[in-house]
1. Could the peptides 281-288, 335-342 be put in order, highest first, of the mean number of other beta-carbon atoms found within 10 Å of their residues?
2. Length gain on complete extension for the stretch Thr436 to Glu217, per 0.36 nm per residue less the alpha carbon to alpha carbon distance?
3. Which of Met208, Trp223, Ala240 sits closest to the plus end of the dipole of region 172-246, meaning its Cα is farthest towards the positive end, when Lys and Arg get +1 and Asp and Glu get -1 on the C-beta?
4. On a 19 Å Cα-Cα criterion, which of the cross-link pairs Lys142/Lys355; Lys126/Lys355; Lys333/Lys407; Lys124/Lys407; Lys342/Lys404 come out too long?
5. Which distance in nm do the two modelled labels at Arg231 and Asp345 give, with both placed 7 Å along the Cα-to-Cβ direction?
6. What ranking, highest mean first, results for peptides 219-232, 144-157 when packing means the other Cβ atoms within 10 Å averaged over each residue?
7. Take each of the peptides 436-449, 370-383, average the number of other beta-carbon atoms within 10 Å over its residues, and list them starting from the highest.
8. Ordered by residue, what ³J(HN,Hα) values in Hz, to whole numbers, does region 273-285 give under the Karplus form 6.51 cos²θ - 1.76 cosθ + 1.60, where θ = phi - 60° and Gly and Pro are x?
Amino acid sequence: MKGGSSYSLRRRHISLALVALVLFTTLLWTWERNPIAMTIRSAQEWYRMPSEFPVEAPSDSVGTPTLEKDVEKSLTPITENGTKLQLDTEGAAAVDSVAAQFPEIQYSQSVRSSSSSKVCNYAKGKWVADSRRPLYSGFNCKQWLSAMWSCRMTQRPDFSFEGYRWQPENCDMPEFDRSAFLRKMQDKTIAFIGDSLGRQQFQSLMCMATGGEESPEVENVGWVYGLVKPRGAIRPDGWAYRFPKTNTTILYYWSASLSDLQPLNITDKQTDIAMHLDRPPAFMRRFLHCFDVLVLNTGHHWNRGKLNANRWVMHVNGQPNEDKKIAEIANAKNLTIYSIAKWLDSQLVSHPRLKAFFRTISPRHFFNGDWNTGGSCDNTIPLTNGSEVVQEGSSDPTIEGALKGTKIKILDITAISQLRDEAHMSRYTIRGTLNTSDCLHWCLPGIPDTWNELLVAQI
């Protein structure tokens with residue numbers, strides 16, 4: 001009996017142990033799948049976890065292949081006889097020994113947002129309707145806005161393009177506030193240097209900073225920078241205005257090619273102009289120390305017709321260029337962009353307060369022909385080609401490549417602007433409806449306002 005009792009007791013102990021083991025295993029299995037338990041994992045463990053659920057692009061998204069193809073087609077330079085030159089999409093690599101020193105392409109648009117688990121990318125995101133737009137009135141901003149770009153002053157009947165804002169991916173981008181902007185830029189100067197699209201961005205920021213209202217107290221300080229209208233000229237080389245309450249200065253200087261232009265004979269008004277591809281504009285070299293924010297752009301003046309009309313003669317190393325490869329428009333443009341990026345980056349060491357940006361090219365939207373062959377942009381329905389940009393790289397690989405390894409930031413607006421073909425000047429001007437269309441410049445208020453919102457968010 002004693003032996004039987006001992007055997008029975010051992011069996012009960014074993015049964016209890018098995019039950020305990022099963023309960024422990026069940027509890028552990030349940031704990032591993034409990035949402036509460038998952039929150040206890042370390043941030044470092046979560047940060048290292050690979051993405052297991054890739055996001056699928058929606059059907060109306062703009063992807064890299066289609067957009068790059070469209071942009072490359074619209075930005076291809078035109079020769080004198082109307083044929084198109086093939087763009088070198090690998091930056092300046094085709095310019096042999098001159099461009100061999102330049103780095104390869106790398107995209108550096110992304111920055112961390114307030115959420116440590118996500119990356120803010122200003123070039124990715126979507127257009128969303130916003131009833132609070134536009135940011136200023138196209139009727140009232142006459143003091144700063146050229147009449148030729150004020151679509152509200154034309155016979156254009158539709159303005160639905162004004163009612164959208166850009167929402168970057170994972171970015172906490174507050175709505176533009178002109179008082180906050182002027183406080184941020186107190187005692188600072190922001191300079192735009194580039195072509196007429198740069199001038200549009202400058203005028204847009206002036207309207208945004210003043211609310212589009214008349215501001216008699218804003219001072220014209222163009223004379224400080226030599227921006228005065230020469231006798232016989234249509235307009236000065238630029239404008240500069242100072243807001244006295246915050247001592248904020250906003251200026252624009254016309255430099256369509258971003259190369260240094262010097263007349264070969266200063267006494268001859270019809271002289272050829274030396275176009276130094278490897279030298280930044282004299283204005284930039286002279287006043288760089290005055291700038292706190294600098295925004296560069298170029299692109300649309302790089303075609304044979306523009307060079308011939310302006311009598312620009314390519315120079316490299318201080319001498320007329322004799323290299324046929326460099327003489328090709330795309331390669332000359334790339335050489336200039338890489339050269340100015342390299343020079344500007346070298347200057348940032350001695351100008352630590354300067355924040356430099358290079359804006360990517362603004363897309364054209366000529367359909368069924370070019371500007372001089374009946375091309376038009378008559379669409380008035382916003383976002384007919386999609387509302388979202390999902391690509392990782394820039395649609396302007398030349399700018400992207402030139403900025404690799406530099407401290408210059410890319411202001412990437414190409415892909416987001418590509419979606420807004422309805423927002424150009426189109427066939428409307430202050431004189432009414434014409435047979436030609438402006439599918440290069442934008443209505444203001446309009447897309448350049450968004451460029452400035454992205455700029456201010458990154459200053």
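A short reminder: the numbers here are calculations on the coordinates, not readings from a lab. These figures come from a predicted structure and were not determined experimentally. FYI the Cβ positions are ideal-geometry reconstructions off the backbone, even for glycines, and counts take in every protein chain you see.
1. Working: 281-288: 17.1, 335-342: 25.0.
Ranked by mean Cβ neighbours within 10 Å, highest first: 335-342, 281-288.
2. 75.0 nm
3. Going by the charge dipole, the pick is Trp223.
4. On the way: Lys142/Lys355 30 Å; Lys126/Lys355 26 Å; Lys333/Lys407 21 Å; Lys124/Lys407 21 Å; Lys342/Lys404 10 Å.
From Lys142/Lys355; Lys126/Lys355; Lys333/Lys407; Lys124/Lys407; Lys342/Lys404, over 19 Å: Lys142/Lys355; Lys126/Lys355; Lys333/Lys407; Lys124/Lys407.
5. 4.6
6. Numbers: 219-232: 13.1, 144-157: 17.8.
In decreasing order of mean packing, 219-232, 144-157 become 144-157, 219-232.
7. Details: 436-449: 23.6, 370-383: 15.4.
Going from most to least packed, we get 436-449, 370-383.
8. Computed from phi, the couplings for region 273-285 are 10, 6, 9, 7, 5, 9, 9, x, x, 4, 4, 5, 5 Hz.
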